[in-house]
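Okay, so here's the structure we're looking at.
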Amino acid sequence: MSTPVTAPPAGAAPAPTPAGPGATPAVPPAAPPPAGRPRRRRTVPSRIRLLAGVGVAAVALLFTATALTIGNARDGLQVIGHDAGPQVVATADLYFALSDMDAQVANVLLIGREVGLGKGRQEALNRYDQRRAEASRAVLQAAELAIGDGTEQMTVRSVLDGLGRYERLAAQAILLDEQAGHPAGPPPQRVIDLYRQATDLMRLDLLPKAYNLTLDSGTIVRKTYEEESSAVTTGRGLVIVAGFGTILVLVGLQVYLARRFRRVTNPALVAATVAVAVLTVSAASLLTTEAAELRMANDDGFTSVLALSRARAIGNTMHGDQSRYLLDPERADTYEQVYLDKSQSVLYTPGGNLEKYYAGVDKAVGGYRDRPDFLGFLGAEAANITLPGQRAAVREVLGDYRDFQFQDRAMRLDVQRDQVRSAIALRMGPLAGAFENYDKELVGLIDLHKDAFDQAIRDGDDALSGWDLILPGAAVLAVLLILAGVAPRLSEYR
Amino acid sequence: MKNKLTGVAVALALVLAATGCGLGGGAQASILDKETLTIGVKPDQPGLGLRNANGGYEGFDIDVAAYVARKLGFTDFRFVPAPSAQRENLLRQHRVDLIFATYSITPERKTKVDFAGPYYVAHQDTLVRAAETGIDNVRDLRGRSLCQVTGSNSWRRVSEERKVAVRLVETASYSECLDKLKDGSVDAVSTDDLILAGFAGTEDRSIKIVNAPFSDERYGVGIAKGDVDGCEAVNKAITEMYQDGTAKKLLEKWFGPTGLNLTLTVPQFEGCG
């Protein structure tokens, strides 16, 4: 590139040109030269070189801005879509697995030696083992996400330690319960005492930590999203400015050559200008797409999946609280209260006791059309319908949630009438069925968001594919065309 | 023409410089960017937040708030009273940065402010005379007399929500309830266990907590809506407070002598934003 030279002094006679007599030198006065530099007269070839150099530099700037911004988009998609995002979702399963382990232990102890109650004791034991394996896998994911964060690592370690203690207590309780061989209903006090230790450890210590781990690791995704999506938006502005500037420079060069050499167009420069314009428009539109896909993956996908996974895990704990309510009559009030508290975090309607809550749920679900008049996880979901099929799925979930609460009511009524046996049969039969329906619909809704997430990430990746070639190719092409455009003119001076 | 070109070049350079500095910015203002921190607390809750004779504040909430403020990197923070009815407004108008004031997380409040924490989950429980043997849980209050503090809703949870047939004895304050409990004119006082323990903490051993919790009161840290960075930093500080043993030390310092079952592990957070 030519060395930067200062503009000629205003009004200085132009150097002789091949344009011949009659051609008015149409060089307007340039910006004042930087102070302290000697002014020099400039020749036409050096002006052409300068303009061509500025053009090439502008193309380089456009190239750099686009490449950097594409890099931001790629990083965002990588972290949210492929690395941390799915891992965070996997840690959300930790809470679910742990909570279900405790629920299954409660079921085993509640069923006792009875057969023919719901899916039975052996099935509960099998599920306990399955959840334990899932929990171990999820802890590993959490440990990986916690690398580099001492506080989080300590939490993961303490969950691991606690899980060991829990399994020991649970195994003792199950063994003792087996030896007691009691009919369905509350087991002997020494079994209850052991289970209390186990469930307190689980509910008061491990589950909160597991929940917090998911919240903590979700931060990685949130921060990445905020940083990269704002970088993509800023970068897009930069690309547009750089592209527009490049076009201006090329048009300027074109006009200058036209006036100097009396040729209307310079085909190579026109092609270069078109190439830059096309590149700018497609890069800007690409980055608009990328920003939209990132937003969609985060807002409609990741955030909803995480929130609904929490709702699902809490729902599972509620189902466990129903068993614990039957298992430990002395603590029944406490378990009923935590059941209500959790219900209200899933779907909130005001009301301080379960009777009011059932009525509130019935009214809230029945009255849901467009805007929910309830809060909680399901309220937030119902208020933010963005995906096709989401409203119908939300309606299904809400309807099944209401049925689940109705069955809960029936179970507690049985207990109040001292029909414990019938309450247990209800818990293991229709109530478990209602819960499974609700849980299945909720998983369906989560999958809807997961699909939106995957789709957004895939679209984002697809849109980026090829740009590793397109971008340098277009930039090199534009530079070559600029050079090809000015070379013949410069050669006239040799 | 050159003028224009120079102009464009200058504009490009400016945009580059501006965006170069600004990449990743644009997030909402956070308390983490402040020089000093203003923390809303209770001035009249023994054991939790109480203004003492020197005009300073003391209690569990105060100690937790000071720990969190220091963990966030503040050396300069001050406490101001946060009356219950004004807490949301104080945060929304940015007159306080954080609130540690037995501030229960509820879905309604969450529509107006965000909550870090909870830093502790208190439970409604019952305070009785130490010699009492007939009251093991809230249902045993049937036919007994329960203190009803004017303006408090705690008694409703017993007589209305739990439908336990108690005899309500109206009083003006919880400290009056304690006097009545000790002289035998009421049999029980029922509200958040930490509040009960706070009132009882300075007293002799003539009263005890039943340890039959029947509600979860999640004491959150109020923070202006949208300050996710600040909220997450507070959560991290609370996690560390439990990890390094400070929480245990503070809970035992303020509520230990009452025989209350304290939870010494980190509570389940509400989640930020």
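The values are calculated or read from the model by the stated rules, or taken from the named source; none is laboratory data. Values in this document were obtained by computation on a predicted structure and should not be read as measured data. FYI the Cβ positions are ideal-geometry reconstructions off the backbone, even for glycines, and counts take in every protein chain you see. The accessibility values were calculated without ligands, DNA or RNA, using every heavy atom of the protein model including side chains. Shrake-Rupley method; radii C 1.70, N 1.55, O 1.52, S 1.80 Å.
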Hey, B:Ser185 modelled with pLDDT under 85, more than 14 Å from chain A (Cβ to nearest Cβ), more than 27 Å from B:Glu88 (Cβ to Cβ) and open to solvent by 20 Å² or more (accessible area, probe 1.4 Å) or not: no
Taking region B:160-181 as the region of interest, how many residues are within 16 Å of B:Val149 (Cα to Cα), open to solvent by 30 Å² or more (accessible area, probe 1.4 Å) and not in a loop (DSSP other than H, G, I, E, B)? 10
Could you look through region B:190-209, keep only residues that are open to solvent by 10 Å² or more (accessible area, probe 1.4 Å) and either in a loop (DSSP other than H, G, I, E, B) or within 14 Å of chain A (Cβ to nearest Cβ) (or both), and pick out the one that is nearest to A:Gly352 (Cα to Cα)? B:Asp192
Looking only at region A:260-273, decide whether some residue is of a type in the set (Gly, Ala, Ser), within 24 Å of A:Pro488 (Cβ to Cβ) and open to solvent by less than 30 Å² (accessible area, probe 1.4 Å). yes
What is the residue count in region A:61-90 for residues that are open to solvent by 50 Å² or more (accessible area, probe 1.4 Å), away from every other protein chain (no Cβ under 11 Å) and within 30 Å of A:Leu481 (Cβ to Cβ)? 2
When region A:80-89 is checked residue by residue, the ones that are of a type outside the set (Gly, Ala, Ser) and assigned to a helix (DSSP H, G or I) are A:Ile80, A:His82, A:Pro86, A:Gln87, A:Val88, A:Val89
Condition broken by A:Glu152, with the remaining ones in (1) within 14 Å of chain B (Cβ to nearest Cβ); (2) open to solvent by 30 Å² or more (accessible area, probe 1.4 Å); (3) charged (D, E, K, R) satisfied: (2)
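Residue by residue, here is whether (1) among the aliphatic types (A, V, I, L, M); (2) over 30 Å from A:Ala65 (Cβ atoms) holds:
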| site | (1), (2) |
| --- | --- |
| A:Val415 | yes, yes |
| A:Pro430 | no, yes |
| A:Gly460 | no, no |
| A:Leu469 | yes, no |
| A:Val476 | yes, no |
| A:Val479 | yes, no |
| A:Leu490 | yes, no |
Within region A:242-262, residues under 40 Å from the mean Cα position of the chain (by Cα) and in contact (Cβ under 8 Å) with a residue 60 or more places away in the chain come out as A:Ala242, A:Gly243, A:Gly245, A:Thr246
Looking only at region A:398-419, decide whether some residue is open to solvent by less than 60 Å² (accessible area, probe 1.4 Å), farther than 26 Å from A:Glu114 by Cα and either outside any helix (DSSP H, G or I) or of a type in the set (Gly, Ala, Ser) (or both). yes
Determine which member of the set A:Asp93, A:Asp100, A:Asp129 is at pLDDT 85 or above, open to solvent by 10 Å² or more (accessible area, probe 1.4 Å) and over 30 Å from A:Leu294 (Cα atoms). A:Asp129
Top-ranked residue of region B:77-117 - restricted to ones that are within 14 Å of another protein chain (Cβ to nearest Cβ) and polar (S, T, N, Q), ranked as farthest from B:Gly49 (Cα to Cα): B:Thr111
Condition first: part of a helix (DSSP H, G or I) and at pLDDT 90 or above. Can you find one or more residues in region B:15-31 that meet it? yes
Checking A:Ala173 against (1) within 12 Å of chain B (Cβ to nearest Cβ); (2) more than 30 Å from B:Asn235 (Cα to Cα), which single condition isn't satisfied? (1)
Return the pairs, sorted by first residue and then second, in which the second residue is open to solvent by less than 10 Å² (accessible area, probe 1.4 Å) and basic (Lys, Arg), the first residue lies in region A:97-122 and is touching a residue at least 40 places away in the same chain (Cβ under 8 Å), the beta carbons are less than 8 Å apart, and the residues are 6+ apart or on different chains. A:Ala106/A:Arg324; A:Leu110/A:Arg427; A:Gly118/A:Arg427
Residue that is farthest from A:Leu68 (Cα to Cα), among those in region A:204-232 that are open to solvent by 10 Å² or more (accessible area, probe 1.4 Å), within 7 Å of chain B (Cβ to nearest Cβ) and of a type in the set (A, V, I, L, M, F, W, C): A:Leu204
Turns out the strands (runs of 3 or more DSSP E) fully within region B:83-141 with at least 2 residues that are closer than 21 Å to A:Gln344 by Cβ and modelled with pLDDT of 95 or more are B:114-122
Evaluate the following for A:Tyr357: is it within 11 Å of chain B (Cβ to nearest Cβ), over 16 Å from A:Val397 (Cβ atoms), open to solvent by less than 10 Å² (accessible area, probe 1.4 Å) and free of Cβ contacts under 8 Å to residues at least 24 places away in the same chain? no
Region B:211-246 - residue that is in contact with a helix residue (DSSP H, G or I) (Cβ under 6 Å, 6 or more places away or on another chain) and free of Cβ contacts under 8 Å to residues at least 40 places away in the same chain and, of those, farthest from B:Val64 (Cα to Cα): B:Gln243
Between A:Leu77, A:Leu50, A:Leu68, which is at pLDDT 90 or above, assigned to a helix (DSSP H, G or I) and in contact with a Ser or Thr (Cβ under 9 Å, 6 or more places away or on another chain)? A:Leu50
Only residues that are buried (at least 17 other Cβ atoms within 10 Å of the Cβ) and closer than 16 Å to B:Asp227 by Cβ: list them for region B:111-125, please. B:Val113, B:Asp114, B:Phe115, B:Ala116, B:Gly117
Of the residues in region B:137-169, those that are touching a residue at least 40 places away in the same chain (Cβ under 8 Å) and away from every other protein chain (no Cβ under 14 Å) number 5
Would you check if B:Ala212 is assigned to a loop (DSSP other than H, G, I, E, B), surrounded by 17 or more Cβ atoms within 10 Å (Cβ to Cβ) and either touching a strand residue (DSSP E or B) at 6+ places or on another chain (Cβ under 7 Å) or away from every other protein chain (no Cβ under 11 Å) (or both)? yes
Across region A:275-301, what is the total count of residues that are within 16 Å of A:Ala231 (Cα to Cα) and out of contact with any helix residue (DSSP H, G or I) (no Cβ under 8 Å at 6 or more places or on another chain)? 2
